[in-house]
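Below is one structure, written out as structure tokens; comments come after it.
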Amino acid sequence: MEMPEIRRARRSDAQAAFDIRRLAIHDQCGTAYTPEQVQAWTTVPLTEWYRDLVENHFHLVCIQGDPVATGMIDFEKRELGAIFVHPDFMQRGLGMKMMTHLECLARQAELTEINLEATLNAAAFYRRCGFIGDKPSVYQSPSGLRLACMPMVKKLALAPAG
């Protein structure tokens, strides 16, 4: 397998990011959510709001130039999200590679903690990444969908100066 590269997403990457999200949800979230929830979650249209989000906050793991995983960081909200890996590329460490990249960016921005709202099926992955949190909550998506989630936080040590 060619070495994966991480790059900032462009607005033109929104469809690819949206497709990776949909495929990953279908592949991974059926154990934690009902078929009706997965269906409602994955049938929302690609919106200008999502295109803006991709353009402003997303990073992509690419293999041979093709996006295979997504992740986003919102520095103002100190929040990570949208960590999705295309099902054909799961179990290759790409999600962990994206998390490491985003945490590095957070440290460079001098953030002392980052937070996220984990899907129930992904909470164990985030715990392996050093996040803590075990009190379920309800995530209200921009499309109006309500899903059980796990708010989690990770304290960051600042990167050494220089």
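Are there any helices in the chain, counted as whole DSSP H runs, that stretch 15 Å or more along their axis by Cα and score at least -1.0 on average by Kyte-Doolittle, and if so which?
In the chain, the long hydrophobic H runs are 14-28, 94-108.
Here are some values of semi-axes √(5λ) of the Cα gyration tensor in Å: (i) 23, 20, 16; (ii) 23, 16, 14; (iii) 31, 17, 14. Which one was computed from this structure?
Comparing each candidate, only (i) matches the computed number.
Using the charge dipole of the chain (Lys, Arg: +1 at Cβ; Asp, Glu: -1 at Cβ; taken about the Cα centre), state which of H26, T112, M99 has its Cα farthest towards the positive end.
With unit charges placed on the Cβ atoms, the residue in question is T112.
Under a point-charge model restricted to the Cβ atoms of Lys and Arg (+1) and Asp and Glu (-1), what is the dipole moment magnitude of the chain relative to its Cα centre, in debye to the nearest 20?
Using only the charged Cβ atoms, the result is roughly 340 debye.
Using a 10 Å cut-off around each Cβ, can you sort D13, D134, D52 from fewest to most neighbouring Cβ atoms?
Going from sparsest to densest Cβ surroundings: D134, D52, D13.
Starting from the amide H of A69, placed 1.01 Å from N in the peptide plane, find each other amide H under 5 Å away whose residue is 5 or more places distant or on another chain.
So A69 has HN proximity to V61, H86.
Quick check on the chain: of the DSSP beta bridges with both residues there, what percent are antiparallel, nearest 5%?
Of the beta bridges lying entirely in the chain, close to 95 percent run antiparallel.
Could you tell me the calculated FRET efficiency between T100 and D19, based on Cβ-Cβ distance and R0 = 35 angstrom, to the nearest 0.05?
So, using R0 = 35 Å, E works out to roughly 0.90.
Taking 0.36 nm per intervening residue step and subtracting the Cα-Cα distance, what contour gain separates D66 from N115 on full extension?
Extra length available between D66 and N115 comes to 14.8 nm.
Give a quick list of GluC sites (Glu not before Pro) in the stretch 41-150 that DSSP marks as loop, anything other than H, G, I, E or B, with at most 16 other Cβ atoms within 10 Å.
Taking the stretch 41-150 and a limit of 16 other Cβ atoms within 10 Å, the loop GluC sites (Glu not before Pro) found are E76, E110.
Return the sequence-ordered ³J(HN,Hα) values of the stretch 80-86 in whole Hz as given by the Karplus equation 6.51 cos²θ - 1.76 cosθ + 1.60 applied to θ = phi - 60°, using x for Gly and Pro.
With the stated coefficients, the stretch 80-86 comes to 9, x, 6, 7, 10, 10, 4 Hz.
For a footprinting-style exposure proxy, rank H59, H26 by other Cβ within 10 Å, fewest first.
If I rank by nearby Cβ atoms, fewest first, I get H26, H59.
Just rank F18, F75, fewest to most, by other beta-carbon atoms within 10 angstrom.
F75, F18
Taking θ as phi - 60°, what are the ³J(HN,Hα) couplings along the stretch 133-140 by the Karplus curve (6.51, -1.76, 1.60), each to the nearest whole Hz, with x for Gly and Pro?
Taking θ as phi minus 60°, the curve returns x, 9, 9, x, 9, 10, 8, 9 Hz for the stretch 133-140.
Laboratory data are not the source of any read-out in this text; all were calculated from the coordinates shown. These numbers come from a predicted model, not from an experiment. We place every Cβ from the backbone using ideal geometry, glycine too, and count neighbours over all the protein chains shown.
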